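Taking it in order: structure first as structure tokens, then the write-up.
The values are calculated or read from the model by the stated rules, or taken from the named source; none is laboratory data. Everything numeric here is computed off the predicted structure, so don't read it as measured data. Here the Cβ positions follow ideal geometry from the backbone for every residue, glycine too, while neighbour counts run over all protein chains shown.
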Amino acid sequence: MTAHALVRVKVSPAVRHIAGLSDAARGAMDVRPAEIIRRWLAALSPTASRTYRLALGRFAGWALIDKTDPPESALRLLVEVGCGPAHEMVTRWRDALLDTGLAPGSVAVMTTSICSLLKVCRRAGLITWRLESVAPRVERRQDRRGPRRAEVEQLLAKIDKKAAEGDRRATRDAAIVRLMYCAAMRRSEVVGLRFPDDVNLDHPEGAVVRPRRKGRRERQLLLVSERAAAALGRWIKVRGADPGPLFHRLDRAGDLDKMPDLAGESVRRILSGWAAKAGIKTKVRPHGLRHSAATEVARHGSLDELMSLGGWKSFSAAQVYLDQRVEQRRRALALVDA
């Protein structure tokens, strides 16, 4: 079973030879499903495309005996067997993933990805049905709470002190921490920034960066705070004006590494290291800083300000980032305790 064996979109021969039809339009009538999927994935953000490819590859590894078959062959299998068998197949694959100990949230992403790929086939006219209710119920069990405001200030004080002593790594890390806390940016958004295209400290609206935000295909203009802008300016002076990733890796001497891209996992290690040096007992994680920022705004700001900070479209999406539920429940219990 190969990708070339995938069924073609059925088009009437009479339509195929309409007079005046360009070669490009005529070629569109003979596109295979694998090509439809390829074009659709290419239009997504790199992160989303990688997620869909990973899910399809993992499903193919479970469904197909011949591991040399391309992942698209597994999609063809679902298209050809029909709605009932396809639903049962994806459901059993879901259960097999859960049996391996994979988190329900990760399994939900994978099964939803397969359903989305089938939706693309449906829009292309290959099938008339769609899969529903195959993703597992997700219960949030991971502790994502971040440090309190005082601990963030303690962390930044330690980093700023080292930066003032001429530590280039600290100068870089001060800008990273402020972007994740003061601008509530995700680490993928921070490490994905490019210089000079994605940084403008002299924008008419104020200092801005242009990250590729979650769920968006185009980069978004994002206003940053004055202290974050100042930290960026200090890092850029150290970094230099060469185009490329905004945040480079540094060697032990503090010089730019030959492989400059800073990975997201490196950011996690950077935060953990600085937290230990600052004597902070709370676990400091990249996404925890975003949680902390949302919680701080929720305590002292308005709902509009909270939504604007994180770029959320609904309060339910922002709500999972708030760290005050335990404190609220404790106060509530105190009111009714007899």
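Note down all Cβ pairs under 7 Å where the first residue falls in the range 154-168 and is within 15 Å of Ala230 (Cβ to Cβ) and assigned by TED's automatic domain parsing to the domain that holds Ala231, the second is of a type in the set (A, V, I, L, M) and assigned to a helix (DSSP H, G or I), and they're at least six residues apart or on different chains.
Leu156/Ala174; Leu156/Val177; Ile159/Ala170; Ile159/Ala174; Ile159/Val177; Asp160/Ala174; Ala163/Ala170; Ala163/Ala174
Among the candidates Ala135, Ala174, Ala183, Ala207, which residue alone is surrounded by 15 or more Cβ atoms within 10 Å (Cβ to Cβ) and at pLDDT 95 or above?
On inspection, the qualifying residue turns out to be Ala174.
Regarding Ala96, is this residue closer than 30 Å to Lys281 by Cα and surrounded by fewer than 16 Cβ atoms within 10 Å (Cβ to Cβ)?
no
So Leu102 fits all but one of (1) on the phi > 0 side of the Ramachandran plot; (2) under 19 Å from the mean Cα position of the chain (by Cα); what number is the exception?
Answer for Leu102: the failing condition is (1).
Take the residues in the range 271-292 that are surrounded by fewer than 15 Cβ atoms within 10 Å (Cβ to Cβ) and not in a helix (DSSP H, G or I); name whichever of them is modelled with the highest pLDDT.
Once the filter is applied, the top-ranked residue is Gly279.
Looking at (1) within 23 Å of Thr128 (Cβ to Cβ); (2) buried (at least 19 other Cβ atoms within 10 Å of the Cβ); (3) over 21 Å from the mean Cα position of the chain (by Cα); (4) of a type in the set (A, V, I, L, M), can you tell me which one Ala63 breaks?
Of everything listed in (1) within 23 Å of Thr128 (Cβ to Cβ); (2) buried (at least 19 other Cβ atoms within 10 Å of the Cβ); (3) over 21 Å from the mean Cα position of the chain (by Cα); (4) of a type in the set (A, V, I, L, M), Ala63 misses just condition (2).
Restricting attention to the range 233-270, which residues are modelled with pLDDT under 85, under 27 Å from Thr47 (Cα atoms) and more than 21 Å from the chain's Cα centre (by Cα)?
Those that are modelled with pLDDT under 85, under 27 Å from Thr47 (Cα atoms) and more than 21 Å from the chain's Cα centre (by Cα): Leu250, Leu256, Asp257, Lys258, Met259, Pro260.
Within the set of pairs 6+ apart or on separate chains, which have a first residue in the range 278-292 that is free of Cβ contacts under 8 Å to residues at least 60 places away in the same chain and of a type in the set (Asp, Glu), a second that is assigned to a loop (DSSP other than H, G, I, E, B) and surrounded by fewer than 15 Cβ atoms within 10 Å (Cβ to Cβ), and C-beta atoms under 8 Å apart?
none
Out of (1) more than 30 Å from Leu289 (Cα to Cα); (2) under 25 Å from the mean Cα position of the chain (by Cα), what's the single condition that is false for Thr128?
Against the list (1) more than 30 Å from Leu289 (Cα to Cα); (2) under 25 Å from the mean Cα position of the chain (by Cα), Thr128 comes up short only on (2).
For the range 161-215, which residues satisfy the criterion of being of a type in the set (A, V, I, L, M, F, W, C), more than 17 Å from Arg269 (Cα to Cα) and out of contact with any Lys or Arg (no Cβ under 8 Å at 6 or more places or on another chain)?
The answer is Ala164, Ala183, Leu201, Ala207, Val208, Val209.
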